[in-house]
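One structure is given here, and the rest of the page talks about it.
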Amino acid sequence: MRFSVRCIGLLAVLVLGSACATSNQVPLVYQPVALEAPTCAGRLAVVKFSDNRAKPQIGHNTDNQLFYPQGDVAVWLTEALQRQLEAAGCRVEYHDKEYAFDTDAVVSGQLMEAYTSQSSVTNYITTLRFRVVMKKDGREAFIKNYEGKFENTVLVASRSNRTKLMQSALQDMMRQVVPDIIKQAKAN
């Protein structure tokens, strides 16, 4: 009897401990948003962005507890761009590496920052910085740096709210990025 109680107690400690260990993991998700962008009729190749962030974590709270991405941050950004371009009517191919594609343009880039910091009990600031590079006929046709700081109030600090903060910031960035890409893809 004592042995089974100890085993159950040990099992409970292990389960609770593993739940706490994953609480600093932030799932990265993306849902396309409605955009005011010209209709896209082009064929684009989107190549996985390089991850040039200085640190692996994607945030911290007021207690300086660090949060890490659950998944590849560069893949999250690239797939979000792909999905948002598809929602705008583009025919999009996703590729891990760049080479000669049979498309109108190739879009790639570098991720420099994706970070959410808790500045007070209810205030969060999410910063995103990345560079978009578009090539046409093998030559760079468009290069632009995008940066956004998004301040939000969150009443309850939670893993799901950190996910929402990152997604919301990226959605706001896509409202700038996608129209630019579509315009540049149409330009001769």
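Just wondering, is there one or more residues in the range 148-171 that are basic (Lys, Arg) and under 15 Å from Val107 (Cα atoms)? No - not one qualifying residue is present in the range 148-171. Regarding the range 171-188, can at least one residue be identified that is in a helix (DSSP H, G or I), under 15 Å from Pro27 (Cα atoms) and aliphatic (A, V, I, L, M)? Checked against the condition, which is being in a helix (DSSP H, G or I), under 15 Å from Pro27 (Cα atoms) and aliphatic (A, V, I, L, M), the range 171-188 yields no hits at all. Among the residues examined, Thr78 qualifies as in contact with a Lys or Arg (Cβ under 6 Å, 6 or more places away or on another chain) and assigned to a helix (DSSP H, G or I).
Within the range 137-183, being more than 17 Å from the chain's Cα centre (by Cα), more than 17 Å from Phe67 (Cα to Cα) and open to solvent by 60 Å² or more (accessible area, probe 1.4 Å) holds for Asp137, Gly138, Arg139, Glu140, Ile143, Lys144, Thr153, Leu155, Lys183. Taking the condition surrounded by fewer than 18 Cβ atoms within 10 Å (Cβ to Cβ), among the acidic types (Asp, Glu) and under 21 Å from Ser168 (Cα atoms), does Glu93 pass? When the stated conditions are applied, Glu93 does not pass them.
Per the listing Thr126, Thr153, the residue uniquely among the hydroxyl-bearing types (Ser, Thr, Tyr) and touching a Lys or Arg at 6+ places or on another chain (Cβ under 8 Å) is Thr126. Looking across the range 43-56, the residues that are outside any strand (DSSP E or B) and surrounded by fewer than 17 Cβ atoms within 10 Å (Cβ to Cβ) come down to Asn52, Ala54, Lys55, Pro56.
The single condition from (1) in contact with a Ser or Thr (Cβ under 8 Å, 6 or more places away or on another chain); (2) of a type outside the set (Ser, Thr, Tyr); (3) over 18 Å from Ala41 (Cβ atoms); (4) not in a loop (DSSP other than H, G, I, E, B) that Glu93 fails is (3). Taken as a whole, the condition of being under 18 Å from the mean Cα position of the chain (by Cα), part of a strand (DSSP E or B) and aromatic (Phe, Trp, Tyr) applies to Phe130.
The values are calculated or read from the model by the stated rules, or taken from the named source; none is laboratory data. This is a predicted model, so every value here is computed, not measured. Here Cβ is always computed from backbone atoms with ideal geometry, including for glycine, and neighbour counts include all displayed protein chains. Protein only, heavy atoms only, side chains kept; ligands, DNA and RNA dropped before computing areas. Shrake-Rupley method; radii C 1.70, N 1.55, O 1.52, S 1.80 Å.
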